[in-house]
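Visitor: Here it is: the structure, laid out below.
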Amino acid sequence: MFKNFFSIVALSFVMIKNTQAQVPVYLDKTKQLKDRVEDALSRMTVEEKIAMCHAQSKFSSAGVPRLGIPDNWMTDGPHGIRPEVLWDQWSQAGWTNDSCIAFPALTCLAATWNKDMAALYGKSLGEEARYRNKNVLLGPGVNIYRSPLNGRNFEYMGEDPYLTATMVVPYIKGVQSNGVATCVKHFALNNQETDRHSINVVVDDRALYEIYLPAFKAAVQEGGTWAIMGSYNKYKGFQNCHNPYLLNDILKKEWGFEGVVIADWGGVHDTKQAIFNGLDMEFGTWTDGLTWGASNAYDNYYLAVPYLNMIRKGEVGTKELDDKVRRILRLEFLTNMAPDRPFGSFGTQEHAMAAKKIAEEGIVLLKNQQNVLPIDLIKTKKILVVGENAIKSMIIGGGSSSLKSKYEISPLEGLQKRVGETVEVKYVRGYVGDTSSNYNGVVSANSLAEKRSADVLRAEAVAAAKDADVVVFFGGLNKSGHQDSEGEDRLGLELPYGQDQLVSELAGVNKKLVFVNISGNAVAMPWINEVPAIVQGWFGGTEVGNAIAAVLVGDVNPSGKLTFTFPVKLEDNPAHSVGEFPGKNGEVNYKESIFVGYRWSDKQKIRPLFSFGHGLSYTTFQYGKVTADKKEFTATDKVTLFVAVKNTGSRDGEEVVQLYISDLKSSLPRPVKELKGFEKIFLKAGEEKVVTFTIDKSALSYFDPAKHEWVAEPGDFEALIAASSTDVRTKIKFRLK
Ligand code: GLC
């Protein structure tokens with residue numbers, strides 16, 4: 001009896017003791033991240049580890065149900081939180097609580113040249129993702145704008161690595177401050193959509209390191225992104241979702257990336273390569289937009305049963321598996337299981353106003369003769385609005401970044417709302433482009449059906465333009481096939497749907513014509529000398545109409561600057577002049593090397609239609625003479641430059657002061673100048689501020705492929721302070737000893 005009694009007591013004591021020990025370290029939020037990861041890893045079976053490394057549905061992968069480690073939920077996209085889709089299909093799940101705030105396309109964010117806007121963007125978008133319980137945002141995209149025909153340029157931040165690298169960091173920090181991971185994409189060299197799943201990119205190391213990698217490196221080393229998405233294309237013959245050069249050598253070894261490499265959807269093609277070449281999570285295989293999905297499709301993923309079988313047969317060990325799972329567990333503890341994680345918010349007016357502010361700051365005034373803009377609301381009694389893009393939704397379409405938004409103010413609505421009380425606003429279609437507005441089952445509000453012919457529409461518009469005080473034409477592209485869309489590059493630089501003829505005819509009957517280019521790309525403007533005012537309106541998101549109206553009537557003084565060069569004609573672009581686009585026989589050769597964008601225009605002395613960094617204001621800015629705190633410095637020193645900038649106009653405004661560096665003599669060919677700094681400053685009318693730039697040798701360096709490192713060569717350099725890449729206001733020489 002007693003023996004039993006004591007054994008029960010002893011047993012219950014052990015139970016109590018064990019119960020205390022039962023709280024696993026990984027649940028103990030005070031423990032260091034690494035301790036939690038190792039502890040959780042030690043508790044997992046091989047099957048559980050395998051399950052973590054591949055999708056279980058369109059946008060989710062398994063956690064560890066037995067251990068209370070949540071599933072991972074991914075969501076597109078860079079501009080807003082994608083509406084819920086069915087478990088294993090792209091089509092809509094039909095939820096009624098997932099209408100988001102759509103933010104401006106990233107190329108509009110970049111055009112603000114304002115790091116605070118990038119931070120606001122990331123924070124707001126991260127709150128939306130958090131509220132929708134997504135712990136990985138599949139964005140931002142930072143691929144370099146190599147050709148104006150690339151269908152996805154609107155999802156990226158332009159042609160310059162320094163601008164992109166600088167703007168992506170605050171976006172990442174903003175999103176991740178919500179306990180949501182960014183998944184910076186598409187790593188790397190995904191600069192076209194043609195043959196995107198198979199094209200092999202041939203590029204020299206200088207262009208790779210100086211142009212195509214810097215934004216990703218900044219995302220990892222300065223932004224601290226918790227995930228990176230491998231791209232579909234190949235480099236050195238390897239598919240980039242399991243490319244040993246990019247993922248093992250550069251990303252994980254050279255840059256010390258501790259996060260998760262997630263494959264683009266359908267980007268995995270081989271189990272062994274997926275195991276050994278740096279991939280951590282496989283998504284979208286078989287169900288990559290195709291209809292091959294089978295009920296057990298997920299078990300047949302390359303990193304699913306095939307991998308498990310290789311382990312069981314002893315063909316591979318579990319070292320690589322443990323490394324993948326450590327990274328995924330780290331993601332779990334930084335997101336789903338992070339202590340004191342905020343709760344997010346969704347579809348709020350606050351986010352809508354953030355989207356509006358970013359759109360307003362990103363809009364670029366390209367041309368403004370005879371002060372057609374801002375529209376004078378005293379004298380103007382009749383405004384004619386022309387063009388399909390005045391009414392067409394730009395939030396729907398374009399591929400995986402397509403959204404279902406809470407609302408969308410069209411340019412026409414924005415203008416009518418803003419001036420309708422005092423000014424008659426008449427609308428004519430002008431042309432017909434794409435009458436559908438449907439992506440994966442998300443359909444836009446207004447129908448675009450049209451029966452009249454192009455000639456009838458054009459005649460109607462020209463007739464109406466005759467007695468309007470101002471004509472505002474909303475044209476450009478529209479995210480439909482080959483018109484700024486994922487999966488389909490543009491077929492030419494020209495505007496589609498007969499817009500050029502219409503613009504010319506409108507200009508022929510009304511001198512006060514404003515052309516607003518709604519696009520994510522440069523377009524040809526053969527009528528450039530007939531049109532006095534031109535605005536780059538971008539794909540501006542939920543509040544686009546209010547933002548554009550505010551700029552057109554002068555409530556907002558435009559301060560955006562171009563993030564890519566507008567060539568006069570396609571042959572002025574290097575990829576189409578000396579490089580290749582979109583390549584042939586499965587390969588594309590970046591023969592232009594480092595001379596991308598303005599780097600090419602400078603080298604070839606080609607005058608662009610509009611330059612990188614160009615953007616006008618309703619006021620004027622005067623730059624003083626730049627000075628430096630030292631005329632020569634050593635590689636461990638820093639140089640500080642000072643330049644006074646004054647608002648010499650009659651209204652407040654913002655200016656983006658740009659710093660370019662010229663290496664006056666170098667042993668390897670270098671661009672004439674390269675962007676190495678920028679500051680956006682607000683100046684009241686008449687106000688003057690001194691802008692300072694502090695640079696070190698990194699601003700002078702180029703990548704030396706022979707040494708495989710960055711080199712700052714002693715010699716003379718020049719700092720150019722500019723209002724655009726072709727509008728240098730002041731410069732100063734200095735020497736690196
Ligand atoms: C798409 C895109 C990628 C997106 C993913 C999921 O094909 O390339 O940017 O995040 O698949 O939709």
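Visitor: If I ask for residues that are more than 23 Å from the chain's Cα centre (by Cα) and of a type in the set (Lys, Arg), which ones from segment 50-86 would you list?
Guide: Residue satisfying the conditions is 66 alone.
Visitor: Is there a residue in segment 661-679 that is open to solvent by 70 Å² or more (accessible area, probe 1.4 Å), in a strand (DSSP E or B) and of a type in the set (D, E, K, R)?
Guide: For segment 661-679, residues open to solvent by 70 Å² or more (accessible area, probe 1.4 Å), in a strand (DSSP E or B) and of a type in the set (D, E, K, R): absent.
Visitor: Only one of 126, 80, 122 is part of a loop (DSSP other than H, G, I, E, B), open to solvent by less than 10 Å² (accessible area, probe 1.4 Å) and of a type outside the set (Phe, Trp, Tyr). Can you tell me which?
Guide: Result: 80 is the single residue among 126, 80, 122 that is part of a loop (DSSP other than H, G, I, E, B), open to solvent by less than 10 Å² (accessible area, probe 1.4 Å) and of a type outside the set (Phe, Trp, Tyr).
Visitor: Could you grab the pairs with beta carbons closer than 7 Å, sequence gap of 6+ or different chains, first residue in segment 709-737 and at pLDDT below 95, second one of a type outside the set (A, V, I, L, M, F, W, C) and open to solvent by 10 Å² or more (accessible area, probe 1.4 Å)?
Guide: Filtered contacts from segment 709-737: 737/632; 737/634; 737/714.
Visitor: Also, I was wondering about something else. In the list 367, 381, 392, which residue meets the criterion of being open to solvent by 50 Å² or more (accessible area, probe 1.4 Å) and closer than 17 Å to residue 549 by Cα?
Guide: Being open to solvent by 50 Å² or more (accessible area, probe 1.4 Å) and closer than 17 Å to residue 549 by Cα holds for just one of 367, 381, 392, which is 381.
Visitor: Further question on the same structure: Looking at residue 243, is it open to solvent by 10 Å² or more (accessible area, probe 1.4 Å) and either within 16 Å of the ligand (Cβ to nearest atom) or in the same structural domain as residue 327 (by TED's automatic domain parsing) (or both)?
Guide: Taking the combined requirement at face value, the residue does not satisfy it.
Visitor: Only strands (runs of 3 or more DSSP E) wholly contained in segment 682-737 count here; list those with 1 or more residues that are open to solvent by 30 Å² or more (accessible area, probe 1.4 Å).
Guide: Of the strands (runs of 3 or more DSSP E) lying wholly inside segment 682-737, those with at least 1 residues that are open to solvent by 30 Å² or more (accessible area, probe 1.4 Å) span 688-695, 709-711, 715-724, 727-736.
Visitor: I've got another one for you. Can you tell me which of 402, 447 is part of a loop (DSSP other than H, G, I, E, B) and open to solvent by less than 10 Å² (accessible area, probe 1.4 Å)?
Guide: 402 is the lone residue from the list that is part of a loop (DSSP other than H, G, I, E, B) and open to solvent by less than 10 Å² (accessible area, probe 1.4 Å).
Visitor: Which residue pairs have Cβ atoms under 9 Å apart, sit 6 or more places apart or on different chains, and have a first residue in segment 248-263 that is free of Cβ contacts under 8 Å to residues at least 12 places away in the same chain and a second that is open to solvent by 30 Å² or more (accessible area, probe 1.4 Å)?
Guide: So the pair list comes out as 254/217.
Visitor: While we're on this one: Would you pick out the residues in segment 24-47 that are within 12 Å of residue 318 (Cβ to Cβ) and assigned to a helix (DSSP H, G or I)?
Guide: 41, 46, 47
Visitor: From the list 625, 630, 638, which one is within 30 Å of residue 685 (Cβ to Cβ), touching a residue at least 40 places away in the same chain (Cβ under 8 Å) and surrounded by fewer than 22 Cβ atoms within 10 Å (Cβ to Cβ)?
Guide: Exactly one residue qualifies, and that residue is 625.
Visitor: Quick check on my filter: what residues within segment 42-82 are in contact with a Leu (Cβ under 9 Å, 6 or more places away or on another chain) and within 12 Å of the ligand (Cβ to nearest atom)?
Guide: Of everything in segment 42-82, those that are in contact with a Leu (Cβ under 9 Å, 6 or more places away or on another chain) and within 12 Å of the ligand (Cβ to nearest atom) turn out to be 58, 59, 74, 75, 76, 77, 78, 79, 82.
Visitor: Of 527, 600, 538, which residue is open to solvent by 10 Å² or more (accessible area, probe 1.4 Å) and hydrophobic (A, V, I, L, M, F, W, C)?
Guide: None of the other options fit; the residue is 600.
Visitor: Just to be sure before I move on: is residue 230 within 16 Å of the ligand (Cβ to nearest atom) and either buried (at least 24 other Cβ atoms within 10 Å of the Cβ) or over 15 Å from the mean Cα position of the chain (by Cα) (or both) in the structure I sent?
Guide: Here the answer is yes, as residue 230 does meet what is asked.
Visitor: May I pose another question? Regarding residue 237, is this residue in contact with a strand residue (DSSP E or B) (Cβ under 8 Å, 6 or more places away or on another chain) and surrounded by 24 or more Cβ atoms within 10 Å (Cβ to Cβ)?
Guide: Considered against the rule, which asks whether it is in contact with a strand residue (DSSP E or B) (Cβ under 8 Å, 6 or more places away or on another chain) and surrounded by 24 or more Cβ atoms within 10 Å (Cβ to Cβ), residue 237 comes out as no.
Visitor: Return the residue satisfying two criteria in turn: it lies in segment 267-277 and is open to solvent by less than 10 Å² (accessible area, probe 1.4 Å) and within 16 Å of the ligand (Cβ to nearest atom), and of such residues it is farthest from the chain's Cα centre (by Cα).
Guide: Selected residue: 268.
Visitor: Among 181, 188, 218, which is more than 24 Å from residue 269 (Cα to Cα), within 14 Å of the ligand (Cβ to nearest atom), crowded, with 22+ Cβ neighbours inside 10 Å and over 13 Å from the mean Cα position of the chain (by Cα)?
Guide: Of 181, 188, 218, the one residue that is more than 24 Å from residue 269 (Cα to Cα), within 14 Å of the ligand (Cβ to nearest atom), crowded, with 22+ Cβ neighbours inside 10 Å and over 13 Å from the mean Cα position of the chain (by Cα) is 181.
Visitor: Kindly indicate whether any position in segment 497-520 is within 16 Å of the ligand (Cβ to nearest atom), assigned by TED's automatic domain parsing to the domain that holds residue 365 and in a strand (DSSP E or B).
Guide: no
The values are calculated or read from the model by the stated rules, or taken from the named source; none is laboratory data. Worth saying up front: this structure is predicted, and the values here are computed from it rather than measured. Every residue, glycine among them, receives a Cβ derived from its backbone with ideal geometry; neighbour counts consider all protein chains shown. Surface accessibility is based on the protein's heavy atoms, side chains included, excluding ligands, DNA and RNA. Shrake-Rupley method; radii C 1.70, N 1.55, O 1.52, S 1.80 Å.
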